[in-house]
Amino acid sequence: MSNIEQKMHPFDAATKLTEESGIYQGHTSEHYANMLGPFGGITAATLLKAVIDHPECQGEPISLTINYAAAISDGAFNIKANPTRTNRATQHWYIELYQNEKIFVTGTAVFANRRETWTATEAHFPNVPNAEKIPSIPTIDDLPAWVKSYDIKIIEGAPLAFTHPDKDEIDNSVTTQWIQDEPKRQIDFLSLTSMCDAFFPRIYVRRNQLVPIGTVSLTIYFHTDAKTLKENDDKHLLGQARANQFQNGFFDQTGEMWTENGKLIATTSQFVYYRK
């Protein structure tokens, strides 16, 4: 690691890309390691950064879908980001991450130049205590490294093994939590992308059993702009996630991300593989 990278925030070092002949090069980070390969949120953020860094990029992201075809190995990787069509209002992208000439992750992104229009929010900001009133989850050696890269304050819906080790199962998987980069960092589209994946797996909340899991597909819709994110600075965000169904080896997760003052800034969904 270079001296410059050592001075960077760990998130910025983890999503750092260099470019040569239209190909972006990156490297996995020990700070965002998961049980197998890197944390999916940091991978999604890195693919989004390849689009943002591209000289043809126009506007700001409004949607991102990432498909995890295989577990990324620790080490270097390459990313290709190609603009497939630019319209008057939107710009569409196709993205690939590969190692040793094999594709491991694919994605699509849509960017747009927003304009002021009629606006309304039908979702409701959860009635929760302020972040300073909720304790952070303890640092546990057995947790993946990526968890320690966030200050997570779970209001409800911690993994069952943390809260009710005597129970085998509970009847819902709703999690509500405050989250912030650790160490603190100004929120932007990249860190928001990563935080949209920073929930413990829904099956760990429902069942007191650590079964093998892996996200297959992650989608994020951005309901914000860079100005709003800058105004939030490095304050905690509120995230709420739930599952709708667990069936035959796959479950879904839907969620929302809010600022402390109640602005909905992202909604997210994903489909997750599980065994047993």
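Looking only at segment 206-228, which residues are in contact with a Leu (Cβ under 6 Å, 6 or more places away or on another chain) and closer than 24 Å to GLY249 by Cα?
Correct list: ASN208, ILE220.
Using the structure shown, decide if ALA198 is of a type in the set (Gly, Ala, Ser), under 21 Å from SER63 (Cα atoms) and over 15 Å from the mean Cα position of the chain (by Cα).
Here the answer is no, as ALA198 does not meet what is asked.
Restricting attention to segment 140-160, does a residue exist that is in a loop (DSSP other than H, G, I, E, B), surrounded by 18 or more Cβ atoms within 10 Å (Cβ to Cβ) and modelled with pLDDT of 95 or more? Can you show your working first?
Looking only at segment 140-160, we keep the residues that are in a loop (DSSP other than H, G, I, E, B), and these are 140-144, 157-159.
When the remaining residues are screened for being surrounded by 18 or more Cβ atoms within 10 Å (Cβ to Cβ), the result is 157, 159.
In the following step, the residues that additionally are modelled with pLDDT of 95 or more were identified as 157.
Checking segment 140-160: at least one residue is in a loop (DSSP other than H, G, I, E, B), surrounded by 18 or more Cβ atoms within 10 Å (Cβ to Cβ) and modelled with pLDDT of 95 or more.
Filter segment 176-209 down to the residues that are of a type outside the set (S, T, N, Q), assigned to a loop (DSSP other than H, G, I, E, B) and farther than 16 Å from TRP146 by Cβ and list them by number.
LYS184, ILE187, ASP188
Do you know which residues across segment 38-90 are surrounded by 15 or more Cβ atoms within 10 Å (Cβ to Cβ), part of a loop (DSSP other than H, G, I, E, B) and over 20 Å from the mean Cα position of the chain (by Cα)?
Across segment 38-90, the qualifying residues are HIS54, CYS57, GLY59.
So which residues in segment 248-267 are outside any strand (DSSP E or B), free of Cβ contacts under 8 Å to residues at least 40 places away in the same chain and exposed (fewer than 14 other Cβ atoms within 10 Å of the Cβ), if there are any at all?
ASN248, GLY249, ASN261
Can you pull out the residues in segment 21-37 that are touching a strand residue (DSSP E or B) at 6+ places or on another chain (Cβ under 8 Å) and outside any strand (DSSP E or B)?
GLY22, THR28, SER29, TYR32, LEU36
Looking only at segment 94-103, decide whether some residue is loosely packed, with under 14 Cβ neighbours inside 10 Å, part of a strand (DSSP E or B), of a type in the set (Val, Ile, Thr) and out of contact with any helix residue (DSSP H, G or I) (no Cβ under 7 Å at 6 or more places or on another chain).
The answer is yes; a qualifying residue exists.
The values are calculated or read from the model by the stated rules, or taken from the named source; none is laboratory data. All figures in this text were calculated on a predicted structure; none of them were measured in a lab. A quick note on method: Cβ atoms are made from the backbone with ideal geometry, for glycine too, and the neighbour counts reach across all protein chains shown.
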